[in-house]
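The values are calculated or read from the model by the stated rules, or taken from the named source; none is laboratory data. Please read all numbers here as calculations on a predicted model, not as lab measurements. Every residue, glycine among them, receives a Cβ derived from its backbone with ideal geometry; neighbour counts consider all protein chains shown. Quick note on the areas: whole protein, heavy atoms, side chains included, nothing else; ligands and nucleic acids left out. Shrake-Rupley method; radii C 1.70, N 1.55, O 1.52, S 1.80 Å.
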Amino acid sequence: QLQLVESGGGLVQAGGSLRLSCAGSERTFSFYAMAWFRQVPGKEREFVAAINWSGCITYDAGFVTGRFTISKNNTKNTIYLQMNSLKPEDTDVYYCAAAVTFSTVPGAYAYWGQGTQVTVSS
């Protein structure tokens, strides 16, 4: 079973940058579409960005366009989320997820990481 482990979260000032990583445990990682979601307690999980299995197709939520970039390195079984121009409202737990199809819907993703906390101070 595919396991995902996120890293790279932390505390940063508004306007700063962070790069999140998500490493997969199996070679089959390269066949999965991947995505980043975020969630605060008591709220629904929110789509951030997705990438297809090859890394050639990406899609992001409008509120991160021009600030966040998703990428995939199948030789390293890893995806990334480069986050620039961070805002306090980006404070959340960020989760990576894997699915057999490219989607923005959380229910389409069968495998999830444990999450990494991102905190942006004003």
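Pick out the one residue from 12, 48, 64 that is over 22 Å from residue 77 (Cβ atoms) and modelled with pLDDT of 95 or more. Please lay out each step first, then the result.
Details: 48 fails: over 22 Å from residue 77 (Cβ atoms); 64 fails: modelled with pLDDT of 95 or more.
That would be 12, the only listed residue that is over 22 Å from residue 77 (Cβ atoms) and modelled with pLDDT of 95 or more.
Listed here are the residues, each with its yes/no results for (1) surrounded by 17 or more Cβ atoms within 10 Å (Cβ to Cβ); (2) assigned to a loop (DSSP other than H, G, I, E, B).
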| site | (1), (2) |
| --- | --- |
| 12 | yes, no |
| 15 | no, yes |
| 21 | yes, no |
| 30 | no, no |
> So which residues in segment 32-66 are in contact with a strand residue (DSSP E or B) (Cβ under 7 Å, 6 or more places away or on another chain), charged (D, E, K, R) and assigned to a loop (DSSP other than H, G, I, E, B), if there are any at all?
Replying inline: 45
> List the pairs whose first member sits in segment 97-122 and is on the phi < 0 side of the Ramachandran plot, whose second member is surrounded by 16 or more Cβ atoms within 10 Å (Cβ to Cβ) and polar (S, T, N, Q), and whose Cβ atoms are under 6 Å apart, counting only residues at least 6 apart or on separate chains?
Replying inline: 119/91; 120/91
> What number of residues within segment 64-96 satisfy the criterion of being in contact (Cβ under 8 Å) with a residue 60 or more places away in the chain and among the charged types (D, E, K, R)?
Replying inline: 1
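Given the condition among the aliphatic types (A, V, I, L, M) and either surrounded by 13 or more Cβ atoms within 10 Å (Cβ to Cβ) or free of Cβ contacts under 8 Å to residues at least 12 places away in the same chain (or both), answer yes or no: does some residue in segment 54-63 qualify? Show your work before the answer.
As a first pass, look at segment 54-63 and keep what is among the aliphatic types (A, V, I, L, M): 57, 61.
Now restrict to residues that are either surrounded by 13 or more Cβ atoms within 10 Å (Cβ to Cβ) or free of Cβ contacts under 8 Å to residues at least 12 places away in the same chain (or both): 61.
Yes.
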> Do you know which residues across segment 90-122 are assigned to a loop (DSSP other than H, G, I, E, B), surrounded by 15 or more Cβ atoms within 10 Å (Cβ to Cβ) and small (Gly, Ala, Ser)?
Replying inline: 103, 113, 115
>> Quick check on my filter: what residues within segment 65-81 are within 22 Å of residue 5 (Cβ to Cβ) and either among the β-branched types (Val, Ile, Thr) or surrounded by fewer than 16 Cβ atoms within 10 Å (Cβ to Cβ) (or both)?
In response: 69, 70, 71, 73, 75, 76, 78, 79
>> Against the definition (more than 17 Å from residue 6 (Cβ to Cβ) and open to solvent by less than 30 Å² (accessible area, probe 1.4 Å)), how does residue 85 come out, yes or no?
In response: no
